[in-house]
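Have a look at the structure below, then the notes.
The values are calculated or read from the model by the stated rules, or taken from the named source; none is laboratory data. This one's a predicted model, so the numbers in the text were calculated from it and none came from an experiment. Here the Cβ positions follow ideal geometry from the backbone for every residue, glycine too, while neighbour counts run over all protein chains shown.
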Amino acid sequence: MPYTDFLPAEERALGEAFLKDGYILAPAEDRDALDAIRDLVVTEACRWLECPVPADPGLFLNGIADRVPVDRLNAFRLHVIGAMNAAPWLRPAYYAIARRTLERVVSNELCMQRRINLSIQMPDDDSSLLPIHADTWSGDSPFEVVLWIPLVDCYRTKSMYLLPPAATARLETDMHRFASRSADDLCREYDRDLVWIDIPYGSFLLFNQNLPHGNRVNREPHTRWSMNCRFKGVFTPYADKRLGEFFEPITLRPASRVGLDYDYPEGFGA
């Protein structure tokens, strides 16, 4: 769609990179907020395990497979997620980690997913796999983005992959060939095009969830811990995930609040 671009050069460059690559990888904009979230996760993990809080959070999280059996992993994860989402400061802290980038890529009037998700993928565990998919294929709005934040260094199969925009465009013209085939077939055919993104702790990934993405069995020696949350412009179209149910406005500007609250005077135009 043609439009007039009044954006400053720096913001234009960031947007062009997002459009070209399908993601932005950048250092946390509020490192204290990220460290506070990781400290909470470690504290709650230790509460569930009934063990002392370690001196090295990263070493503890990376080695969690030595402490939690796979058959207890979901109960463990649900405990930590519950504690995360019960902390009233956590969502503002999560947003602060990428606030400026979200404003430049998405909008300065945002809504945010009401609950933060947490993924824990232990080495060689096939119970936490996410086959290749684009979120719009299952009812998400194409205006949403995902903010993906690791709590440990994530690399190779300990991370996630993304099909870049150019390859996705080819797939979309070819999708009919996969109508009766599996996600594994699709993944094998486009394997050479997949981009595995190394995301160290202290960084965030903001990606276009319209692009196919997923993970595989973690073949690295340590456990992956990552969080994810969706953002979109408040006034962009919604799909199955609705405002007030799944999303909540977080940065409404005064003029928008005035407009949303406005009612014409009684009898106006009569």
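The residue list 157, 173 contains one member that is hydroxyl-bearing (Ser, Thr, Tyr), out of contact with any His (no Cβ under 8 Å at 6 or more places or on another chain) and surrounded by fewer than 16 Cβ atoms within 10 Å (Cβ to Cβ), which is 173.
Given the condition assigned to a loop (DSSP other than H, G, I, E, B) and closer than 16 Å to residue 99 by Cα, answer yes or no: does some residue in the range 43-64 qualify? No - not one qualifying residue is present in the range 43-64.
Residues in the range 127-161 that are more than 14 Å from the chain's Cα centre (by Cα), aliphatic (A, V, I, L, M) and at pLDDT 95 or above: 1 in all.
Condition check ((1) out of contact with any strand residue (DSSP E or B) (no Cβ under 8 Å at 6 or more places or on another chain); (2) surrounded by 13 or more Cβ atoms within 10 Å (Cβ to Cβ); (3) closer than 27 Å to residue 104 by Cα; (4) at pLDDT 95 or above) across all residues:
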| position | (1), (2), (3), (4) |
| --- | --- |
| 163 | no, yes, yes, yes |
| 167 | yes, yes, yes, no |
| 196 | no, yes, yes, yes |
| 203 | no, yes, yes, yes |
| 214 | no, yes, yes, no |
| 220 | yes, yes, no, yes |
| 223 | no, yes, no, yes |
| 252 | yes, yes, yes, yes |
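So that you can scan it fast, the table gives a plain yes or no per residue for (1) over 28 Å from residue 135 (Cβ atoms); (2) modelled with pLDDT of 95 or more:
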residue	(1), (2)
6	yes, no
19	no, yes
55	yes, yes
70	no, no
75	no, yes
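Every condition in (1) over 23 Å from the mean Cα position of the chain (by Cα); (2) more than 28 Å from residue 220 (Cβ to Cβ); (3) of a type outside the set (A, V, I, L, M) is met by residue 16 except one, and the failing one is (1).
Within the range 135-152, take every residue that is out of contact with any helix residue (DSSP H, G or I) (no Cβ under 8 Å at 6 or more places or on another chain) and in a loop (DSSP other than H, G, I, E, B) and give me the one that is surrounded by the fewest Cβ atoms within 10 Å (Cβ to Cβ). Result: 139. Screening residue 80 on (1) of a type in the set (A, V, I, L, M); (2) closer than 14 Å to residue 149 by Cβ; (3) in contact with a strand residue (DSSP E or B) (Cβ under 7 Å, 6 or more places away or on another chain) shows it passes everything except condition (2). Where helices (runs of 4 or more DSSP H) sit wholly within the range 153-270, those with at least 1 residues that are of a type in the set (D, E, K, R) and in contact with a Phe, Trp or Tyr (Cβ under 8 Å, 6 or more places away or on another chain) occupy 183-189.
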